[in-house]
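Have a look at the structure below before the remarks.
Read-outs throughout are calculated quantities, based only on the coordinates presented, and are distinct from any laboratory measurement. Quantities reported herein were computed from a predicted structural model and do not represent experimental measurements. For neighbour counting, all protein chains shown are included, and Cβ atoms are generated from backbone atoms with ideal geometry for every residue, glycine included.
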Amino acid sequence: MTLVQNHRLPLSGNKALWLLALLWVSACSPKVNPVTKTPARKPAPVTTQPAVPPVTATPVRPLVTPASAKTSTVALLLPFSLDNLGSVRGYRAADLKKANIAIEYYQGFKLALDSLTSRGYNYKLQVFDTKDEPAYTHSLAGNPNVRGSQLIVGPVFPEGIKSFIGKPAALNKPLLSPLSPASPDEFGSTNLITINPPLEYHARSAALYVNNKLRPRKIFILRSGFSADNKYIDPFKKTIDTASKRKIQVINFTVSHGSITALLPQLNNKVENVFIVASVNQSFLSVTLRSLDTLSRHYPVTVIGHPNWEKATFLKADLLQRIKTHITSADRVNYRSAATINFIKAYRKTFASEPTAYAYKGFDEGMYFGEILGQDGNEMTRLNQHKFTALHNDFQFITKPGLGWVNTHVSVLKYVNFELRKVE
C-alpha cells in the first residue's frame, strides 16, 4: 500500500506546502507501486513503512479474496496547482481552497486503497496535478500513464471534465467524476461515471416519497418566477404524475412578495397540504417560508425543499421544523456508526487531522472502485450489479445511453428536534 510519513498537518493555509512534501516523501510496501506527482517528474526514493490497519468496519460488500495477484492502476487528476508554491504571488484564496479539496480527497482515497491492500489487493496509484487549467487538463488525456490506467478519477470540476474528454482521441476508459453533481448531459461521454446524484434525481426521490408516504390529494408548487426552479420542478412533476397515475392534483402558483392567500380556498384543514419549494433565492425564501409558517397555524403543512437548503445558514431550524420541512441529501454521514468511528480513527492515525466531507467521499469511492478493479476490471461495465453502502451515501447506478453511469441514490431527511434526520 502507498504510505507517507506521518507528519502533522499544518493549518489549511499551509496545506499545499505539506502536499508537496507528501508527494515527494512517499513510501510503499511490496504490495503497491509508488505514487507519482506529475508525469514530468520521477518519484522520489522510497522506504518501506508498516501498513495502516485496515478499516475493517467499513460497510462494504462481504469481504472477498482477490481473484489474482494482479495490480490495478488508477490515475487521480486533482487540482493541486503546485506551480503556485514557487511563484511570487503564491496561492490565491480560491486556488488554495481547491488545493485543499484535492488534498483531502486524495488522503481519503489513498486510505481506502491502503485498507484494501491489507486484504491482498494490489494497486498502482498515479497522481497528476491538473493545475485547474483547461489547456493543461486537456493535455493530460494524451499522457501515456493516464491512458494506461484502468480507472481515471477526475478532473474534479465540470470545466475540467469538459476539457479532458474534449480531446479528439477520446479515451475508452472509465472516467469518474468524483465530486461534481453536474448532469452527465453536460459532457456527453459514454465512459463517464457520475457518482454524486444530479439534481433531477433528488427531485425524483422527493416525488416518490411524497407519492408513497405522504399520499396527498393535492400538491402546491410554489414558484419564485426564476427559471432555475425548473431544474427541480420539471423532473418532480414528471415523476409524481407517473407514480400517481395523475391521481394527485398538481397546482402551480407563482408567489409574489410572499403572499399565498390566493391558495386558501384550495387548502384542506383535515389533510396534509404539501408544498414544493424549489427556490434557493434568499429573499424569496425569507418571505415565503414565513408565510407558510403562519399558514401552518391553521392548516396541516408539509414542505419539500431544495437539497441545497441544508447549506443555507439563513434558514432557521425551528421554522423549518414547524412547517415539517423535508429535503433530500446525497451526503449524510452517521457519525455514531461503527464504520464511521473506525474510519475517523484510522484517518487521524494516518494523517494527524480530522476527515472532511471530501475525505469521506475519497475513501468511499476508493473502497468501492478499488474492490471492483481488484476483483475483475470488466465489472466496471456492470456497476448496476454492485450496490454499495458507503459512509456518506449509497451507490446505486443506472446506465444512461450515451451518458455513462449515474448514481441515483439520495436520502430523504426531515427536521426533527431541530436537526435533520433520515426518514427514507
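Would you kindly compute the Cα radius of gyration of region 197-289 and its largest Cα-Cα separation (Dmax), both in Å?
13.0, 38
Label points 7 Å out from Cα along the Cβ direction at residue 318 and residue 389: separation in nm?
Modelled inter-label distance: 3.7 nm.
Need one word for region 155-248: rounded, prolate or oblate. Basis is the Cα gyration tensor (sqrt eigenvalues a ≥ b ≥ c); a/c below 1.5 gives rounded, then a/b vs b/c decides.
Details: a/c = 3.29, a/b = 2.40, b/c = 1.37.
Here region 155-248 falls in the prolate category.
Straight-line reach from residue 324: which aspartates and glutamates have Cα under 12 Å away, leaving out those fewer than 8 places along the same chain?
Excluding near neighbours in sequence, the set is 272, 293, 419.
Could you state, as a whole-number percent, how many of the C-alpha pairs of region 290-424 are farther apart than 17 Å? Mind dumping the intermediate values first?
Details: 6179 of 9045 pairs.
Cα-Cα pairs of region 290-424 separated by over 17 Å account for 68 percent.
Whole number please: convex hull volume per residue, Cα atoms of region 240-332, in Å³. Could the numbers behind the result be given before it?
Numbers: hull volume 10.8 nm³, N = 93.
Taking the convex hull of the Cα positions in region 240-332, it is 116 Å³ per residue.
Residue 70 versus residue 287, label points 7 Å from Cα toward the beta carbon: distance in nm?
6.2
Mind listing the long-range amide H neighbours of residue 127? Cut-off is under 5 Å, sequence gap 5 or more, other chains count too, H placed in the peptide plane at 1.01 Å from N.
36, 76
Go through 110/345; 173/361; 98/231; 316/414; 213/247; 98/400 and tell me which ones have a Cα-Cα distance over 18 Å in this structure.
On the way: 110/345 15 Å; 173/361 21 Å; 98/231 26 Å; 316/414 14 Å; 213/247 15 Å; 98/400 30 Å.
Flagged as over cut-off: 173/361; 98/231; 98/400.
State the extension gain, in nm to one decimal, for the chain segment bounded by residue 336 and residue 253, taking 0.36 nm per residue of separation less the distance between their alpha-carbons.
Numbers: separation 83, 0.36 × 83 = 29.88 nm, distance 4.15 nm.
Extra length from residue 336 to residue 253 when fully extended: 25.7 nm.
Residues of region 204-235 with backbone nitrogen within less than 19 Å of a virtual label 7 Å along the Cα-to-Cβ line of residue 245, please, listed as ranges.
Taking a point 7 Å out along Cα→Cβ of residue 245, the residues of region 204-235 whose backbone N falls under 19 Å are 208-219.
Just to verify a number: FRET efficiency for residue 349 and residue 272, C-beta to C-beta distance, R0 = 41 Å, to 0.05? Numbers along the way, then the final one.
Working: r = 48 Å, r/R0 = 1.18.
Result of the calculation: an efficiency of 0.25.
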